[in-house]
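**Q** Encoded as structure tokens, here's the structure I'll be asking about.
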Amino acid sequence: MTFTYEALPMRVVFGSGSLRQLPQEAQRLGLRRLLVLSTPGQRALAEQAAALLGDACAGTFTEARMHVPVEVAEAARAAARATGADGCLAIGGGSTVGLGKAIALDSGLPVICVPTTYAGSEMTPVWGLTEHGRKRTGRDRAVLPRSVVYDPDLTVGLPVDVSVTSGFNAVAHAVEALYAPDASPIVSAMAEEAVRSLGTALPAIAADPLDTDARADALRGAWLCGACLGATTMSLHHKLCHILGGTFDLPHAATHTVLLPYVAALNLPAAPEADQSLRRALATDDVPDHLARTSAALGAPRSLSQLGLTEADLDEVVTQARAQPYANPRPITEPELRSLLRDALNGTLAP
Ligand code: NAD
């Protein structure tokens, strides 16, 4: 066995009520003027965080949007300059964390994150920016958050449908980490444990969204999934989701949820150890079928057509996917790719 593993410098504060520790986290980093970021829908939460920070809050910017459009990034960077911010606090899902990263990429300002979904971006040095219908991504240590505060209480109000799709978005990171070209035993152990905890927590949350133990398990699983994403190179699944989100504006987490079983069906036969690991974690002997049926049973969308993709869009997806090389446990021919996309378009695994 040979592998390389590089740990990312990362501080995590986890637990019910840990939002209250924000002022200490800012102080530890020597930050006195944080710009608080959120989406418009989470403005009240941003204001709560701003109040907790008191004098250490320089202002709020509550216009975060999915996939970080460059205009929004520019407006947020201008707000950071105008308020004299010495750091950002991103409170929300992957869209808000992504906006914090866009500011860090430009200015080097440190970011503190308080994640409220299971997307996992807070654990990665990966940034994304969308311009003219294309999403660009890159890796830069400067955007890696300095401190992450996970407070499961903040996820109790995450609607069940978003919880489910966001949870499967997290699972997708773990699945692709298990067969990544730079996989390692430590990442694989995290990935298996992450899938196990989300696999039991998501049905419990769907049954009772106020189940605080399940909320904590899901958030802990999401943290590990994010760490897997940050530590490895993602393959076909993430490549396709990136195109479907960036060019066709499909909703991020739901797209991951629908597509994952189809990519798993194609890739897992070429990645037997990953398959075994997922079988153990999900207590199933058919991982793609389990993923498709469970997500559908929990109310997630079943097909890409339900998300707005059409047969006419497939050519463009295939062209973009084949334009740049990507890692994958096995090579994929154009007819295979087309057939995978058509199956996901029609939801053949989740009748
Ligand atoms: P999101 O951040 O857009 O959140 C979805 C919606 O849910 C938003 O309106 C948000 O305000 C709301 N919301 C979030 N938490 C809530 C809560 N607890 N209660 C009620 N409402 C809540 O969606 P997302 O799926 O978290 O993130 C998607 C984005 O993150 C995409 O742009 C994706 O590319 C990016 N992402 C990046 C990485 C990376 O490593 N760079 C990793 C994962 C995702």
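None of the figures in this text is laboratory data; all of them are computed from the coordinates on show. What you see is a predicted model; the values in this text were computed from it and never measured. Positions of Cβ are generated from backbone atoms using ideal geometry, with glycine treated the same way; all protein chains shown enter the neighbour counts.
**Q** Residue by residue through region 275-284, what is 3J(HN,Hα) from phi via Karplus (6.51 cos²θ - 1.76 cosθ + 1.60, θ = phi - 60°)? Round to whole Hz and write x for glycine and proline.
**A** For region 275-284, the Karplus-derived couplings read 4, 4, 4, 5, 4, 5, 5, 9, 6, 9 Hz, x marking Gly and Pro.
**Q** Quick one: of the DSSP bridges fully inside the chain, what percent are antiparallel, nearest 5?
**A** DSSP beta bridges in the chain are roughly 25 percent antiparallel.
**Q** Give me Lys239, Lys101, Lys135 sorted ascending by neighbouring Cβ count inside 10 Å, so fewest comes first.
**A** The order, fewest Cβ neighbours first, is Lys135, Lys239, Lys101.
**Q** For Cys57, which sequence-distant residues (separation of 5 or more, or a different chain) have an amide H within less than 5 Å of its own amide H, given hydrogens modelled in the peptide plane?
**A** Placed amide hydrogens put Leu34 under 5 Å from Cys57.
**Q** Over region 184-299, what relative contact order in percent results from Cα pairs under 8 Å that are six or more residues apart?
**A** Answer for region 184-299 is 26 percent.
**Q** Beta carbons within 10 angstrom, averaged per residue: use that to sort the peptides 175-186, 108-119, highest first.
**A** Packing proxy ranking, top to bottom: 108-119, 175-186.
**Q** How much length is gained on full extension from Val156 to Ile186, taking 0.36 nm per residue of separation minus their Cα-Cα distance?
**A** Contour length minus Cα-Cα distance gives 7.8 nm.
**Q** Mean separation of Cα pairs under 8 Å and 6+ residues apart, divided by the residue count of the chain: what relative contact order is that in percent?
**A** The value is 15 percent.
**Q** Then there's this: Treating the beta-carbon of each Lys and Arg as +1 and of each Asp and Glu as -1, no other charges, what is the dipole magnitude of the chain about its Cα centre, to the nearest 20 debye?
**A** 720
**Q** Taking H placed 1.01 Å from N in the peptide plane, check which residues at least 5 places from Ala119 or on another chain put their amide H under 5 Å from its amide H.
**A** Sorted by chain and number, the residues that satisfy this are Gly94.
**Q** Further question: How large is log10 I(q)/I(0) at q = 0.11, 0.12 Å⁻¹ when the Debye formula is applied to the Cα atoms of the chain, each weighted equally and without solvent?
**A** Result of the Debye calculation: -0.68, -0.82.
**Q** Mind checking which of Thr116, Gly30, Thr310 is farthest towards the positive end of the chain's charge dipole, using Cβ charges of +1 (Lys, Arg) and -1 (Asp, Glu) about the Cα centre?
**A** The residue sitting most towards the positive pole is Gly30.
**Q** Using the Cα atoms of region 11-155, I'd like the radius of gyration and the largest Cα-Cα distance, Dmax, both in angstrom.
**A** Rg and Dmax of region 11-155, Cα atoms, are 13.4, 41 Å.
**Q** Residue-wise, which Karplus ³J(HN,Hα) couplings in Hz belong to region 228-238, taking 6.51 cos²θ - 1.76 cosθ + 1.60, θ = phi - 60°, and x for glycine or proline?
**A** Each residue's phi maps through the Karplus curve to give 5, 4, x, 9, 9, 9, 7, 10, 3, 4, 5 Hz.
**Q** Counting other Cβ atoms within 10 Å, which chymotrypsin sites (Phe, Trp or Tyr not before Pro) in region 192-295 have at most 12 and lie in a DSSP loop?
**A** Answer in residue order: no site qualifies.
**Q** What are the trypsin sites (Lys or Arg not before Pro) within region 35-91 that DSSP puts in a loop, where the Cβ has at most 16 other Cβ atoms within 10 Å?
**A** Arg65
**Q** Highest first, please rank the peptides 34-41, 315-322 by the mean number of other Cβ atoms sitting within 10 Å of their residues.
**A** Ranking, from highest mean packing down: 34-41, 315-322.
**Q** Would you kindly derive the ³J(HN,Hα) couplings of region 103-109 from the backbone phi angles with the Karplus curve 6.51 cos²θ - 1.76 cosθ + 1.60 (θ = phi - 60°), listing them in order in whole Hz, with x for Gly and Pro?
**A** The phi angles translate into 5, 4, 4, 7, 10, x, 5 Hz.
**Q** Enumerate the amide H contacts of Leu37 below 5 Å, restricted to partners 5 or more residues apart or on another chain; note that Pro and chain-start residues carry no placed amide H.
**A** Under 5 Å from the amide H of Leu37: Phe61, Leu89, Ala90, Ile91.
**Q** May I ask for the Kirkwood hydrodynamic radius of region 160-346, worked out over all distinct Cα pairs and given in angstroms to one decimal?
**A** 16.3
**Q** Would you compute, from DSSP H runs of 4+ residues alone, the mean residue ellipticity of the chain at 222 nm, taking -39500 (n - 2.57) per run and dividing by the full residue count, rounded to the nearest 500?
**A** Estimated from H runs of four or more residues: -16500 deg cm²/dmol.
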